[in-house]
């Protein structure tokens, strides 16, 4: 049996299939997911699981380089924004206007993980990264400036 924390087969497959620059989203219960191919529906009931629970689980097995949220989250859902900022301290949280987020991010997302959260502006996009220390830890390689802080 698998040793990692994630037991959901589709979620494991999604994370394993992410390439550098691919987008994985975690969304609230009301988010309009465009296609069934993108959908990983983990919602069970109101606020189960929460966005915070899914972030903790997914980020334990997912390497990311960017985090994008609707800029309105900072003003209207400060507790979630602060959690995202604390949890994703390895890179700054980027905010874009809600209308732009809703128009662009679902189209860019390879997978969208639906939570049970009833949480305003509860949608977060993670851009997949490479695990820089594993890629650049070979004799004779010169680490480019863009990876020096991560390698």
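All of the numbers you see were taken from the coordinates with simple rules; none came from a lab. Worth saying up front: this structure is predicted, and the values here are computed from it rather than measured. All Cβ positions, even for glycine, are placed from backbone atoms using ideal geometry, and neighbour counts span all protein chains on display.
When the chain is treated as a GNM, springs tying every alpha-carbon pair under 10 Å, which of 123, 137, 12 comes out with the largest mean-square fluctuation?
137
Two decimals is fine: what is log10 I(q)/I(0) at q = 0.11, 0.16 Å⁻¹ for the chain, from a Debye sum with one equal scatterer on every Cα and no solvent?
For the chain, the Cα-only Debye profile gives -0.43, -0.88.
Relative to the first principal axis of the alpha-carbon coordinates of the chain, what is the inclination of helix 78-87, with its axis defined by its Cα atoms, in degrees from 0 to 90 and to the nearest 10?
20 degrees
What is the fewest-to-most order of 101, 118 by other Cβ atoms lying within 10 Å of their Cβ?
With the sparsest Cβ surroundings first, the list reads 118, 101.
Viscosity 0.692 mPa s, temperature 37 °C: Stokes-Einstein D of the stretch 1-71 from its Kirkwood Cα radius, in µm² per second?
Calculated translational D: 244 µm²/s.
Between 114, 66, 134, find the one with the highest GNM mean-square fluctuation for the chain; connect C-alpha pairs within less than 10 Å.
134
Pull up the DSSP beta bridges for the chain and report the antiparallel fraction as a percent, rounded to 5.
The answer is about 45 percent antiparallel.
Determine, from the Cβ-Cβ distance of residue 82 and residue 139 and an R0 of 35 Å, the FRET efficiency 1/(1 + (r/R0)^6), rounded to the nearest 0.05.
Efficiency for this residue pair is about 0.25.
GNM, the chain, Cα, under 10 Å: largest mean-square fluctuation among 30, 140, 19?
Looking only at 30, 140, 19, the biggest GNM fluctuation is shown by 140.
With the calculation restricted to Cα positions, what are the radius of gyration and Dmax of the stretch 57-138 in angstrom?
13.6, 46
In bins 5 Å wide, starting from 0, what share of all Cα pairs of the stretch 7-46 does each bin hold, as a percent?
Binned Cα distances yield the sequence 5, 18, 32, 25, 16, 4, 1.
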